[in-house]
Amino acid sequence: MLCSGEEELRKAMLVRPNAWVIGSGPKAERITRLRSRLLVPDRIRWNTWRVIAVYSDEPIIANRFFMVKLKNGNEMQEKALVTWLNTTFGLLTVLANREETEGAFTEINIGQWRALSILDITRLDDEKLSSLVRVFDAYADKEFKRIPDQYGDYPDSIRLSFDLDFLKALDPGINKDRAKQCLIELYKRLGITLKTWIDNGDQSL
């Protein structure tokens, strides 16, 4: 089980169980059926979170995340989806559809997750899917900075290389220098937007 949603558990995309549930009978069987490797949050605090979606090498349950199972999905597709959700493009998709509660908090229920316009991983060919899995594996244990600190005039180097590697995985022929310039410009604008929104929303930050 992944218990709690403290910042310590959301520094990287790959998570590991930190608690174990003991039991037997119908209730335990139901819990076992709910387990998944792909987890998405029910609430996001933008000024302390570092990644959005997380992945476990073994199926687990969680009390602060939704346990997601892809229809006819497999581990490669799950890793590819976690990768996309944690790119700047995935983050922007969540931000654009957020439901603010207070300050830097956003609530997002399972219905909203299902309604998001996300990367259709089922339409990716094997080569692109494998490339995205390699991106996930390369960054799975890397610790990202807090989301607002990933953007601005001096973006986080891990954020920039992660987004670039994601783009190259989808299009190996991409102009890397041009893509880097565009991302840096996007990061500057997003940094201003996040700072303005968070500072205005919660004066205690």
For segment 83-140 versus segment 1-59, the gap between their alpha-carbon centres in whole angstrom: 17 Å
3J(HN,Hα) from dihedral phi, segment 114-131, Karplus parametrisation 6.51/-1.76/1.60, rounded to Hz, x for glycine, proline: 5, 8, 5, 7, 10, 4, 7, 5, 6, 9, 7, 6, 4, 5, 5, 4, 5, 5
Within segment 4-80, what whole-number % of the accessible surface is contributed by carbon and sulfur, with the 1.4 Å probe and all protein chains included in the calculation? 48 percent
Calculate, for GLU75 and GLU7, the FRET efficiency according to 1/(1 + (r/R0)^6) with r their C-beta to C-beta distance and R0 22 Å; round to the nearest 0.05. 0.25
Could you work out the helix-only [θ] at 222 nm for the chain, with each DSSP H run of four or more residues adding -39,500 (n - 2.57) and the total divided by the number of residues, to the nearest 500 deg cm²/dmol? -13500 deg cm²/dmol
Give me, ordered by chain and number, the residues 5 or more places off ARG37 or on other chains with an amide H under 5 Å from its own placed amide H. ILE60
Percent of all Cα-Cα pairs per 10 Å bin for segment 121-205, counting from 0 up to the last occupied bin, reads 16, 37, 31, 13, 2
Could you tell me the relative contact order of the chain? Use alpha-carbon pairs under 8 Å, at least six residues apart, and round to a whole percent. 22 percent
Sequence gap at least 6, Cα distance under 8 Å: using those rules, report the relative contact order of segment 109-205 to the nearest whole percent. 28 percent
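Quantify, in whole percent, the carbon and sulfur part of the accessible surface of segment 144-205 (1.4 Å probe; protein heavy atoms only).
Working: 1820 of 3600 Å².
Carbon and sulfur: 51 percent of the exposed surface of segment 144-205.
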Can you check how the C-alpha radius of gyration of segment 1-129 compares to 2.2 N^0.38 Å, as a plain ratio? 1.07
Among ILE147, ILE44, ILE174: highest mean-square fluctuation, GNM of the chain, C-alpha pairs under 10 Å: ILE174
Give the average over all directions of the projected area of the C-alpha convex hull of segment 63-178, one decimal, in nm². 8.7 nm²
Cα-Cα longer than 32 Å, checked against LYS27/LYS79; LYS145/LYS176; LYS11/LYS71; LYS71/LYS195, kept in input order, equals LYS71/LYS195
How large is ³J(HN,Hα), in whole Hz, for each residue of segment 151-162 in order, when computed from phi with the Karplus curve 6.51 cos²θ - 1.76 cosθ + 1.60 and θ = phi - 60°, using x for Gly and Pro? 10, x, 5, 10, x, 4, 5, 5, 4, 5, 5, 5
Of GLN150, GLN112, GLN77, which is the most mobile in a GNM of the chain whose springs link Cα atoms less than 10 angstrom apart? GLN112
Hey, can you grab everything whose amide H is under 5 Å from the amide H of MET13? Only 5+ residues off in sequence or another chain; H modelled, so Pro and N-termini drop out. LYS142
Using a 1.4 angstrom probe, figure out how much accessible area the chain has per residue, in square angstrom, rounded to the nearest whole. 54 Å²
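The values are calculated or read from the model by the stated rules, or taken from the named source; none is laboratory data. None of these values were measured; they are calculated from a predicted model. Here the Cβ is made from the backbone with ideal geometry for all residues, glycine too, and neighbour counts use every protein chain on show. Side chains included, ligands, DNA and RNA excluded: accessible areas come from the protein's heavy atoms. Shrake-Rupley method; radii C 1.70, N 1.55, O 1.52, S 1.80 Å.
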